[in-house]
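One structure is given below, encoded as structure tokens.
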Amino acid sequence: MSESTRSPRRGMCAAVLSLEAITLGLTTPVMISVAGVDTSTALWVGLGLAAACLLLAGMLRKEWAYGLGWVIQGAAIGLGLVIPLMFVLGGIFALLWASAYFLGIKIERERAAAYAAFDASGSGSTEGRGEGA
């Protein structure tokens, strides 16, 4: 994939989701042992959210997947109703997600403007942008 088409937003958001999957997966034993949640419910919620994070990290090529990422952030915060510490951890991951999302959009916009200015300057060469590799 060339440097001009690689999405910094996708990479950063996928990293956040991957790390969040670990955290959400580790909530499963906490829900069972500390919060007293039924084992099957804890497995479905904890491991289900972890699997959703990992699947979603791979689907970030589609714009709608970012919307689902926001839903995952809400679910992680909502898990605080069962495990109060998840209000804090979910909030931290939501802030990381928002930072990755909005900073990624800004980088993509500035990169597109720089490439457009470069192309408009008359040097239509693609050397240095990694398109030939």
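We did not get these values from a lab; they are worked out from the coordinates using the rules stated. The model shown is predicted, which means the values in this text are computed figures rather than measured ones. All Cβ positions, glycine included, derive from the backbone under ideal geometry; neighbour counts span all protein chains shown.
Structure data summary
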{"quantity": "Tally of residues being in contact (Cβ under 8 Å) with a residue 12 or more places away in the chain and either in a helix (DSSP H, G or I) or among the small types (Gly, Ala, Ser) (or both) across segment 30-60", "calculated": "17"}
{"quantity": "Matching residues, segment 111-125, being surrounded by fewer than 11 Cβ atoms within 10 Å (Cβ to Cβ) and either in a helix (DSSP H, G or I) or among the basic types (Lys, Arg) (or both)", "calculated": "Ala113, Ala116, Ala117, Ala120"}
{"quantity": "Residue match in segment 29-36 (condition: among the small types (Gly, Ala, Ser) and under 18 Å from Ser18 (Cβ atoms))", "calculated": "no"}
{"quantity": "Segment 61-109, subset assigned to a helix (DSSP H, G or I) and among the charged types (D, E, K, R), residue farthest from Ser18 (Cα to Cα)", "calculated": "Arg109"}
{"quantity": "Segment 1-27, subset among the polar types (S, T, N, Q) and within 21 Å of the chain's Cα centre (by Cα), residue surrounded by the fewest Cβ atoms within 10 Å (Cβ to Cβ)", "calculated": "Thr5"}
